[in-house]
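What follows is a short report on a single structure.
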Amino acid sequence: MASAKAKDGYDASSITVLEGLEAVRVRPGMYIGSVSTRGLNHLIYEIVDNSVDEHLAGYCDRITVTLEKDGSATVSDNGRGIPVGMHEKGISAERLVFTTLHAGGKFDNSAYKTSGGLHGVGSSVVNALSERLTVTVKTGGQIYRDTYERGIPTTELVGGLLPPLGKTRETGTCVNFLPDPQIFDKTWFREEDVKSRLHETAYLNPKLTIVFRDLRKEEKEEITFHEPEGIVGFIRGMNGQTETVTDVVYLTGECDGIVVECAFQYINEFHENVLGFCNNIYNSEGGTHLTGFKTQFTTVINSYARQLNILKEKDPNFTGADVRNGMTAVISIKHPDPRFEGQTKTKLDNQDAAKAVAKVIGDEVVRYFDRNLETLKNIIGCAEKAAKIRKSEEKAKTNLLVKQKYSFDSNGKLANCVSREADKCEIFIVEGDSAGGSAKMARDRMYQAILPIRGKILNVEKASIDKILANAEIKTMINAFGCGFSEGYGNDFDIKKLRYDKIIIMADADVDGAHISNLLLTLFYRFMPELIYEGHVYIAMPPLYKAIPSKGKEEYLYDDKALEKYRQTHKGSFTLQRYKGLGEMDAEQLWETTLDPARRRMKLVEIEDARMASDMTALLMGTDVPPRKAFIYEHALDALLDI
Ligand code: TTJ
């Protein structure tokens, strides 16, 4: 925007405006999160949100989003049209909207703005980051058009106003923009992400129809999103084909001017997936609406469980996580003045939201359960299952603490392989320095790399992503893979640069090991999902036992079934050696059982089913990965504990 000064006819106030937009171009990340594909897609959402606001105001029921052949995007609606009349400062209102930061709300009298808090600064930011942008407004029987280049107006006003171009009976706003390649790494919108987000918007606005069109490909695509069932449909969509435990429950009410809507359903899986929305924007960091819901729901379930004598007097309460075991829920509130906090400003902060949600849910869910005892009992059943598992895990954790005292703490360094032929190379990520040391000695140096990871890494699981990425081992790992990483929708990841065909997680067959596998898989999924999609990630399966017969060959037994079979078929006496962990094996044993491609056993990590790869979950990946993370966790447990 340095060329701003070259433009004639601008007074001091418009210079200030341009300086504002210049700031957006200097630090785009501050306004749209990043300049990766995710930030790029965000431009579309910023514009769409304006049309959604018009829908919420009651004047628009159809939005069309088009990915054009020339790489630009068009968003149009059938609302009233942005006002083109004279506004303060002597220019049209539309100009102010597109050239002033934070101008959005001034022209908008809808009760609940879709300001998501994250960026929410709207159309002027999109304008600043677009090589060119065209606004077409149909209002008051006339058509108007305004144009910009990198935020600078290129249409001459007549008496401070846009000249009308022709007559029309329609009303609406249409914005076409071409993202600036000077700003964005790549300017290709990811249609899957855009579709997901639009679908989500349709679920949250049951009376709205959103048409998505992609004209960039040979085979043009057009999808219409209309979800009259609202968040109930959202829940059904998320749960897909999964076996359900209850029907979808829908509750709604109002408290202190805050409208609360909630839908939930229990499925037969060991995780929860509770999503919060405020004014139709997803709050990836959660916030007060979720705490209000969770606290109240836990109280209600515990109180019923005692009334029904499922929890006896001496029994402790179910924890919040217990009562949400298997729950998929959407909590959507409409708040007149939402405030946000948190790292990405997506965490709802209004205390009155917690109170309102607790009140509405408290009243409505009790009313529901009093009439639907069967549902209540099924939910308590899920909580009981969760509590049981929790207790056994707590026990395992106590054992783990004892064990950790003896763990080593030298820094694990990558022992790379000699070959650079990626399709023949493997990298083993090994838990513990002792096992790492043996693995380094045992490996096939030509094709097998070893990266030992300390038990300490366990502690970062709950840390912020910055901390995770600052972790030395993780950094080493990302560097070793060679393909970079992407944040959420990002496009900085290049699978073609991967240096190893197989990434093999090698951890002990216990809770500790499952934990570390879980962390690694979550990390891969979040930052390098293609590693999993394309089948590069494996979990090593070391044997559980070695049978040493008095006569004949020793044999490794990989699970209890194998042991049973050995007992039945083996004649004569034998001693049984049980491996408690990888650290117990010497280099030779480790080679024979776990490293040697001819003899080892591994489990390929796969994404469960189509639902997992569907748009429903992709949309939630940006800053959070609830459904998939949970799945992988189970998978890891399955792989490591269930052998
Ligand atoms: C505001 O109040 C007076 C009547 O018009 C209202 C308004 O601004 N409506 C409106 C804005 N509808 N659609 C928009 C809009 C649409 C797109 C695609 C982009 C932007 C920035 C605004």
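The values are calculated or read from the model by the stated rules, or taken from the named source; none is laboratory data. Only a predicted model underlies this, so the values are computations on that prediction, with no experimental measurement involved. Backbone-built Cβ (ideal geometry, glycine too); neighbour counts: all protein chains shown. Just so you know, the surface numbers come from the protein's heavy atoms only, side chains and all, with ligands and any DNA or RNA stripped out. Shrake-Rupley method; radii C 1.70, N 1.55, O 1.52, S 1.80 Å.
At R0 = 22 Å, how high is the FRET efficiency between Lys388 and Asp247 if r is their beta carbon distance? Nearest 0.05 is fine. Mind dumping the intermediate values first?
Numbers: r = 25 Å, r/R0 = 1.13.
With a Förster radius of 22 Å, E is 0.35.
Local charge sum around His570 (other residues, Cβ-Cβ under 12 Å, Lys/Arg +1, Asp/Glu -1)? Once positives and negatives cancel, what remains is +2. Note on exposure: Lys580, Lys377 ranked by accessible area (1.4 Å probe, complete protein assembly) read Lys580, Lys377, with the most exposed listed first.
Taking all protein chains in place and a 1.4 Å probe, what share, in percent, of the accessible surface of the stretch 232-394 do carbon and sulfur account for? In the stretch 232-394, the share of accessible area belonging to carbon and sulfur is 49 percent.
The value obtained for the stretch 135-244, namely the Cα convex hull volume divided by the number of residues, is 174 Å³ per residue. The candidates Lys440, Lys69, arranged from most to least accessible area with a 1.4 Å probe in the full protein assembly, appear as Lys69, Lys440.
Between Asp185 and Tyr566, the simple label model (points 7 Å from Cα in the Cβ direction) yields a spacing of 4.9 nm.
Annotation for Arg132 and Gln351: the two label points, set 7 Å from Cα along the Cα-Cβ direction, are 5.3 nm apart.
Summarising the amide proton neighbourhood of Phe428: residues at separation of 5 or more, or on other chains, whose placed amide H is nearer than 5 Å comprise Ala449, Ile450, Leu451, Ile504. Evaluate E = 1/(1 + (r/R0)^6) for Glu341 and Ala598, where r is the Cβ-Cβ distance and R0 equals 60 Å; express this FRET efficiency to the nearest 0.05. So the FRET efficiency works out to roughly 0.60. Counting only heavy atoms of the protein chains and using a 1.4 Å probe, Ile143 has close to 40 Å² of accessible surface.
Taking every protein chain into account, the 1.4 Å probe leaves Arg499 with about 100 Å² of accessible area, to the nearest ten.
Only protein heavy atoms count here; under a 1.4 Å probe, Lys355 has an accessible surface of about 130 Å².
Using heavy-atom solvent-accessible surface (probe 1.4 Å) with all chains present, what is the largest-first order of Cys417, Cys174? Intermediate results must be reported in sequence, preceding the final value.
Working: Cys417 10, Cys174 40 Å².
Ranking Cys417, Cys174 by accessible area, largest first, yields Cys174, Cys417.
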